[in-house]
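Everything on this sheet refers to the single structure shown next.
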Amino acid sequence: MIRENWGFDLWLPEPVSSYAGEIDWLMNLLHVVMVGIFVVWSIYFVYCLVAYRARDGQRGVYHQSGEKASFIPDGLILAFEMWLILAFGIPIWAAVKQGTPPPEDSLQVNLVAQQFAWNFQYPGPDGKFGRRDISLVSASNPIGLDDKDPDGKDDIVTINNLNVPVGKPTILNMTSKDVIHDFQVVNLRNKQDVVPGMHTRLWFTPEKTGKFEIGCAQLCGLGHTQMVGNVFVQTAEEFADWQKAQVAEKTGTADARDVAPTAEGRS
Amino acid sequence: MKDSHAHPGHGAGHDHGGPQSFWRKYVFSVDHKVIGIQYMITSFLFLLIGFGMISLMRYQLAWPSPPDDFDPEKLGMIRGTLAWLLGDRMEYGFMKPDFYNQLGAMHGTIMIFLGVVPLGVAAFGNFVVPLQIGAPDMAFPRLNMMSYWIYLVGGIVMLSSYFAPDGFPQSGWTSYAPLSVVAPPGQTIWCIAMIIIITSSLFGAINFIVTMLNMRCQGMSLGRMPVFCWAQLVTAVLLLVAFPVLEGGALLQLLDRVAGTSFYIPKDMMYGSTVFPAAGGGSPILWQHLFWFLAHPEVYVLLLPAMGVVSEIIATNTRKPLFGYKEIVGSMILIGVLSFVVWAHHMFLSGMRTSLANLFVTTTLTISVPSVAILTCLLLSLRGGAIRFNTPMLFALSFLPMFGIGGLTGLPLGFAPTDLHLHDTYYVIGHFHYVVAPGSLAALMGATYYWYPKMFGRRMNDTLGKIHFWMTIVPMNFIFFPMLFQGMHGMQRRLADPTLQWHNLPVQGWSVIMLFAVVTLAIGQIPFLFNFFWSLRNGEVVEENPWNSTTLEWACPSPPPHGNFLKEPVVFRGPYEYSVPGHKTDYLPQDEAA
């Protein structure tokens with residue numbers, strides 16, 4: 001009945017990003033508290049069901065006590081929640097969603113999502129993105145890259161595959177061509193809606209190499225379930241080699257040593 | 001049902017003397033009790049339809065795509081039947097993604113707007129509230145009748161979208177733009193049906209508020225009104241204030257779809273390989289704000305009537321006053337107020353300004369406090385009781401831990417850093433189903449067993465009721481708890497075939513367990529349906545007050561005649577005077593003279 005590679009996993013997948021550790025710690029803390037509250041509450045609940053079941057001739061208790069004490073759990077929970085927000089919620093959210101690392105230290109990649117693919121645009125060795133124009137969009141040019149723009153000559157466009165170097169921030173500048181999508185990589189513990197007519201951003205610093213799946217986390221039509229990709233986190237050398245190979249393929253130069261060697265590019 | 005003349009405040013505008021025709025009495029009736037029962041039967045039908053849809057979807061999710069050794073010539077019995085019945089929507093018995101999305105959108109829409117809300121608010125609210133406040137009917141009986149028929153028309157229009165080209169709406173019950181604007185024609189019908197359904201709700205909300213404020217009988221101050229009525233009052237205010245926003249938003253979506261406007265369409269949007277023909281300049285996020293401004297209070301509309309029911313059933317079956325009446329009512333009002341300032345916790349990752357998240361996290365975590373308060377009071381209501389474990393009480397009791405799980409799982413979702421991982425995953429689905437299914441819906445099943453004797457003059461069979469109870473609550477836990485694991489692992493929502501994404505494989509096994517639980521749950525509803533109809537003729541006959549309860553709905557015949565009370569009740573005390581020291585019985589009804 002069950003296929004071989006299907007599982008019954010219970011918890012988080014492998015953490016890969018620099019902020020995953022903090023988020024996982026919070027997730028676990030929250031759940032320990034939630035389970036603790038539920039267990040204690042349930043024990044009292046079951047106790048009441050047994051101790052106070054109806055017995056012949058016995059009535060209920062009319063006068064109640066402890067009205068003020070009943071506010072204690074409410075107060076404790078409110079205090080715990082406010083502590084969580086002030087100590088962790090605001091700082092972590094600010095760091096992940098607003099604290100984008102400086103662009104000079106990061107790999108910048110543009111993402112143009114569409115029904116049903118992820119189009120990534122790298123600036124190439126010159127570090128500059130070529131202009132995009134919606135009127136140039138076609139099947140062979142999904143992001144509408146303007147080939148008359150000199151900055152775009154060395155841009156690398158990949159579909160569904162995002163190669164990034166390990167240990168360095170990657171900043172995704174994202175928009176959608178059509179409907180709302182959501183770029184999700186579970187191992188990063190982050191996701192972000194990709195909205196047409198807007199630019200949203202997601203940054204991450206992967207801390208280990210490997211292949212991690214990109215999924216779409218906002219219903220985007222019939223192909224939503226098939227809209228997948230992969231993030232390939234590579235060592236600096238692997239990434240540099242990959243980038244050279246991509247540029248060589250694009251510009252048609254057999255010898256990629258003519259092209260500027262740094263993967264980061266100059267700003 | 002006898003007509004009665006001996007009561008003041010009798011609603012104007014309907015016949016007194018003379019027998020009524022079948023149509024006037026049972027079909028186009030202005031009597032709140034008939035209308036309540038009409039709503040009840042209709043909403044149960046919609047719930048069954050919604051359940052059928054999700055059952056098909058769960059079958060698809062258990063084995064979403066053919067194995068390597070699949071032979072299309074040799075379909076098994078189930079797949080073969082499905083392929084035959086549903087044609088190319090389920091080719092070889094595997095569901096096509098567009099049909100999956102259609103069933104998904106319809107399941108959500110039907111269960112919420114045509115199922116649980118009409119059951120909790122319009123069915124039980126209509127039947128019970130006038131009785132509990134000692135009124136002969138609702139303030140506006142004809143408006144009441146109109147609400148029901150508009151709801152029925154809205155539901156039929158919604159289902160008729162099946163016949164649109166490309167079928168049912170398929171953009172989720174949330175209908176996010178621009179997907180919903182570019183979607184096939186079924187979505188236009190969704191917009192129209194929602195406008196109709198919302199109109200029905202708004203009429204109902206007005207009726208409830210006016211009735212509770214103006215038609216309470218002598219001695220029934222607001223402070224003596226049962227918790228169920230307070231829950232319905234807060235719910236009606238939520239509906240009245242929040243629904244118009246979605247009605248407006250749906251109208252704007254309709255205009256974008258058929259009139260070429262661009263409320264939700266940004267500039268230079270593509271549609272396939274061409275530019276979408278609209279001026280642009282609109283905002284997709286606007287739809288989300290308008291939608292969630294309603295849809296968040298809507299979840300409290302789903303919840304509060306159920307909390308009200310649970311309060312009534314617990315008071316009656318513990319034979320002691322409810323703990324913290326004022327705290328419960330105050331918390332319900334606070335939930336109502338706060339529910340208007342939490343909506344954007346559905347939008348943390350939408351692209352809205354990220355600093356807004358902090359505001360909404362704070363309000364969202366704050367709203368958990370009154371919910372905890374109500375749950376604490378209901379728990380403490382058990383202390384010192386003499387608990388009777390009949391079928392309605394079993395459902396009411398199970399509501400407490402089930403809502404507990406649902407509410408607790410809301411915390412990592414409302415808290416933005418953890419929502420970064422959990423947004424749009426199965427964790428969300430597990431969370432809200434816990435609150436709505438073993439939470440609200442189970443409470444409403446309890447309400448059915450509880451108020452059936454008043455509606456029909458007979459009890460439902462308690463043994464069948466207990467079988468129904470266990471075969472409902474246990475399977476529900478095996479369906480929704482594994483969703484928390486799947487979501488924690490990162491499995492996204494609304495995937496017709498999750499196995500196409502390798503990161504979902506480690507949690508796919510749970511979907512098979514869930515399917516078996518769904519089948520058990522389906523079988524478990526058979527005793528309920530049988531019991532409901534069988535007891536109409538064969539249930540034990542009851543008098544006015546079979547549960548020995550104190551509230552006013554038990555101070556009139558079962559079923560009550562037109563006009564309800566033989567003479568207007570006078571209330572002397574609060575609603576939960578049980579086990580009063582020195583009184584000869586363990587209950588002291590509200591209207592009993594001292």
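The values are calculated or read from the model by the stated rules, or taken from the named source; none is laboratory data. The structure presented is a predicted model; accordingly, all values stated were derived computationally and were not measured. For neighbour counting, all protein chains shown are included, and Cβ atoms are generated from backbone atoms with ideal geometry for every residue, glycine included.
Name the residues in region B:114-144 that are buried (at least 24 other Cβ atoms within 10 Å of the Cβ) and among the aromatic types (Phe, Trp, Tyr), would you?
If the condition is that a residue be buried (at least 24 other Cβ atoms within 10 Å of the Cβ) and among the aromatic types (Phe, Trp, Tyr), then B:PHE124, B:PHE127 are the ones that fit.
What's the total number of residues in region B:343-365 that are within 26 Å of A:GLY75 (Cβ to Cβ) and in contact (Cβ under 8 Å) with a residue 60 or more places away in the chain?
1
Filter region A:101-114 down to the residues that are at pLDDT below 95 and either of a type in the set (Asp, Glu) or in contact with a Lys or Arg (Cβ under 8 Å, 6 or more places away or on another chain) (or both) and list them by number.
Listed by number, the residues that qualify are A:GLU104, A:ASP105.
Hey, can you tell me all the residues within region A:23-43 that are facing chain B (nearest Cβ under 7 Å) and either of a type in the set (D, E, K, R) or under 23 Å from B:PHE389 (Cα atoms) (or both)?
A:PHE38, A:TRP41, A:SER42
Out of all the residues in region B:383-394, which are surrounded by fewer than 24 Cβ atoms within 10 Å (Cβ to Cβ) and either assigned to a loop (DSSP other than H, G, I, E, B) or at the interface with chain A (Cβ under 7 Å from one of its Cβ atoms) (or both)?
B:ARG383, B:GLY384, B:ALA386, B:ILE387, B:ARG388, B:PHE389, B:ASN390
Inspect region B:534-553 for any residue being assigned to a loop (DSSP other than H, G, I, E, B), within 14 Å of chain A (Cβ to nearest Cβ), closer than 30 Å to A:ARG59 by Cβ and out of contact with any Lys or Arg (no Cβ under 9 Å at 6 or more places or on another chain) and give the result as yes or no.
yes
In region A:78-110, what residues are outside any helix (DSSP H, G or I), more than 13 Å from chain B (Cβ to nearest Cβ) and either over 30 Å from A:ASP149 (Cα atoms) or touching a residue at least 60 places away in the same chain (Cβ under 8 Å) (or both)?
Selection gives A:PRO101, A:SER106, A:LEU107, A:GLN108, A:VAL109, A:ASN110.
Of all helices (runs of 4 or more DSSP H) completely enclosed by region B:395-491, which ones contain at least 1 residues that are more than 14 Å from chain A (Cβ to nearest Cβ), at pLDDT 95 or above and surrounded by fewer than 24 Cβ atoms within 10 Å (Cβ to Cβ)?
Here the list reads B:426-434, B:442-456, B:462-488.
Take region B:264-281 and flag every residue that is among the hydrophobic types (A, V, I, L, M, F, W, C) and without any contact (Cβ under 8 Å) to a residue 60 or more places away in the chain.
Matches in region B:264-281: B:MET270, B:VAL275, B:ALA278, B:ALA279.
Would you confirm whether any residue within region A:59-72 is among the basic types (Lys, Arg) and under 25 Å from B:SER350 (Cβ atoms)?
Among the residues of region A:59-72, not one is among the basic types (Lys, Arg) and under 25 Å from B:SER350 (Cβ atoms), which makes the answer no.
Cβ contacts < 9 Å: first residue more than 7 Å from chain B (Cβ to nearest Cβ), restricted to region A:185-199; second residue basic (Lys, Arg), any location; separation 6+ or different chain. Result?
A:VAL185/A:LYS191
Which members of region B:508-524 meet the condition of being of a type in the set (S, T, N, Q) and free of Cβ contacts under 8 Å to residues at least 60 places away in the same chain?
Correct list: B:GLN508, B:THR520.
Which condition does B:LEU349 not pass, out of (1) over 30 Å from B:GLU312 (Cβ atoms); (2) surrounded by fewer than 23 Cβ atoms within 10 Å (Cβ to Cβ); (3) modelled with pLDDT of 95 or more, if it passes all the others?
Only one criterion in (1) over 30 Å from B:GLU312 (Cβ atoms); (2) surrounded by fewer than 23 Cβ atoms within 10 Å (Cβ to Cβ); (3) modelled with pLDDT of 95 or more is unmet by B:LEU349, namely (2).
Does A:ILE180 fit the bill of being in contact with a strand residue (DSSP E or B) (Cβ under 8 Å, 6 or more places away or on another chain), more than 9 Å from chain B (Cβ to nearest Cβ), touching a residue at least 12 places away in the same chain (Cβ under 8 Å) and of a type outside the set (Ser, Thr, Tyr)?
Answer is no for this residue.
Of everything in region B:63-96, what is of a type in the set (A, V, I, L, M, F, W, C), part of a loop (DSSP other than H, G, I, E, B) and closer than 17 Å to B:ASP497 by Cα? Give them in sequence order.
Once the filter is applied, which keeps residues that are of a type in the set (A, V, I, L, M, F, W, C), part of a loop (DSSP other than H, G, I, E, B) and closer than 17 Å to B:ASP497 by Cα, region B:63-96 yields B:TRP63, B:PHE70, B:PHE94, B:MET95.
For region A:181-199, name all the residues that are under 13 Å from A:SER17 (Cβ atoms) and outside any strand (DSSP E or B).
Residues satisfying the conditions are A:VAL186, A:ASN187, A:LEU188, A:ARG189.
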